[in-house]
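Trainee: Let me begin by handing over the structure; questions about it come next.
The values are calculated or read from the model by the stated rules, or taken from the named source; none is laboratory data. Keep in mind that what you see is a predicted model, and the values were worked out from it rather than measured. Note that we place each Cβ from the backbone using ideal geometry, even for glycine, and neighbour counts take in every protein chain shown.
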Amino acid sequence: MLAKIDEVILWYNRGQIPTRHLVYKVKALSQSLLSLVWDFGTLNSASSQSVSRTLKRNVEDVYIHKMMETFNQANQSNPEELSFGHQAAVMADIDECSFVSLRDVQRLLVVAGWFYSHRNLIFPAIDGLAHESSYELNSDDEEEQTPTINPNGDYTTRSLVLAIGVCYVVRLEDSTRTAYAEFIKEKIETLIGDGPSKNLYKMSGSDFLFHQLDLCQDMFINEVMNVEVYKNIAKSKALKENVFMMIVSIQNRIPLFLVGKPGSSKSLSTKVVINAMKGKSSESSIFREMKRAYMVSFQCTRHTTSVGIGSVFNHCADFQEGQDLSAFVSVVVLDNIQLAEYSENMPLKTLHLLLEDGCEGNSIAPEPSYMKCAFVGISNWALDPTKMNRGLFVQRGTPKPLELEQIAKY
């Protein structure tokens, strides 16, 4: 993992130690406490499945329960098998295991429920885009067999497949994505079973995963960029992926970390998405049916304190109070968050509670729902995995020559 991150992300020295040699940054433990240290290791497969089933039962989202009923009635593979497959695939790779968390399972259910709740809004737009692309494909090769568009497609399966892409695929680098898709393709094919999706696209499970993910990214980038001021901006792979992940994470109040070198469309993505999310006032018909976003951006430095970060979250939470949370969301954007990561003040220690509960206090009483805000952390350097595990994580690598050529031609 360090070798992979070292290729695509900037670093600096922490004192005399190059940070590229570090994964976690911690304080030395007192010698008197060493006898109390216990290594709990990692969860085995049986324990992971037990916790995952408990998370599924505790989810209150009505759309998630509807999805589960649909799968049970169709006698299809249980969706939780996909999450087990991911845990096994990634934990088997020692370089990736530090980024595995059972929070992934909960996020998978939430995101799948969100896609399913917007099925009549998102999937017709995706199918329309696929129909347009099929004409372009036929013009190049008349013998090429193109996907058949079925307006009554299996939205339940497609919702879960897109959630897999959001929670698991996008966080991986290109070569690892392909290997992961091959590992899990049989589970996706079992999930599709004999439902409508089997006849919707005649392709393998891995191809179906990437095809649906690419179409959804193209659909969202077209919606947010359909403005005159953006006509000269290239729709690069980095921009499409960043925009897609921001939309999903903000709408679901799931923390998102964007990590990559300057010029990888991180800040641009934030501006484009926030400008598109205007609720009923949006120019896009799709975003008119989604939450309106209010963004507060905070520029981090090496002098940033936990009090300053906490005040930004409190401001956004106060702005959500009294609002219809199903139609409005406040977004905290921490720009150059890597500077705060390496501050001697350790201000990001407060993020653990803020991202989980939306508060800093020690009260065991549940916090009001308006305290939970959306969050986007933008960084040029790698962050501590303990922080990135609390949200979705996108690592932007160096663009390939072909992608640079396509951007230059735009």
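Trainee: Just a yes or no: is a residue in region 339-348 closer than 19 Å to Ala293 by Cα and either modelled with pLDDT under 85 or over 21 Å from the mean Cα position of the chain (by Cα) (or both)?
Mentor: No, that holds for no residue.
Trainee: Right, something else. Just checking, how many residues over region 361-387 are modelled with pLDDT under 80 and crowded, with 21+ Cβ neighbours inside 10 Å?
Mentor: Of the residues in that region, 2 qualify.
Trainee: Going through region 285-299 one residue at a time, which ones are in contact (Cβ under 8 Å) with a residue 40 or more places away in the chain and in a helix (DSSP H, G or I)?
Mentor: Phe287, Glu289
Trainee: So Cys316 fits all but one of (1) in a helix (DSSP H, G or I); (2) touching a residue at least 60 places away in the same chain (Cβ under 8 Å); (3) not charged (D, E, K, R); what number is the exception?
Mentor: (2)
Trainee: Could you list, in sequence order, all residues of region 212-237 that are touching a helix residue (DSSP H, G or I) at 6+ places or on another chain (Cβ under 8 Å), in a helix (DSSP H, G or I) and not polar (S, T, N, Q)?
Mentor: Leu213, Leu215, Cys216, Asp218, Met219, Phe220, Ile221, Glu223, Val224, Tyr230, Lys237
Trainee: Identify the residue in region 86-119 that is of a type in the set (Gly, Ala, Ser) and more than 22 Å from Ile221 (Cα to Cα) and, among all such residues, is modelled with the highest pLDDT.
Mentor: If we take residues in region 86-119 being of a type in the set (Gly, Ala, Ser) and more than 22 Å from Ile221 (Cα to Cα), then Ser101 is modelled with the highest pLDDT.
Trainee: Looking only at residues in region 120-162 that are farther than 23 Å from Ala181 by Cα and among the small types (Gly, Ala, Ser), which one is modelled with the lowest pLDDT?
Mentor: Checked region 120-162; the qualifying residue modelled with the lowest pLDDT is Ser139.
Trainee: Are any of the residues in region 263-275 without any contact (Cβ under 8 Å) to a residue 24 or more places away in the chain, part of a helix (DSSP H, G or I) and more than 19 Å from the chain's Cα centre (by Cα)?
Mentor: No, there is no match, as no residue in region 263-275 is without any contact (Cβ under 8 Å) to a residue 24 or more places away in the chain, part of a helix (DSSP H, G or I) and more than 19 Å from the chain's Cα centre (by Cα).
Trainee: I would also like to ask the following. Failed condition for Ser284, given (1) over 20 Å from Phe115 (Cβ atoms); (2) in the same structural domain as Ile378 (by TED's automatic domain parsing); (3) surrounded by fewer than 24 Cβ atoms within 10 Å (Cβ to Cβ), with all others met?
Mentor: Evaluating Ser284 over (1) over 20 Å from Phe115 (Cβ atoms); (2) in the same structural domain as Ile378 (by TED's automatic domain parsing); (3) surrounded by fewer than 24 Cβ atoms within 10 Å (Cβ to Cβ) leaves (1) as the failure.
Trainee: Does region 366-410 hold any residues that are free of Cβ contacts under 8 Å to residues at least 40 places away in the same chain and either assigned to a loop (DSSP other than H, G, I, E, B) or within 26 Å of Asp104 (Cα to Cα) (or both), and which are they?
Mentor: Pro366, Glu367, Lys400
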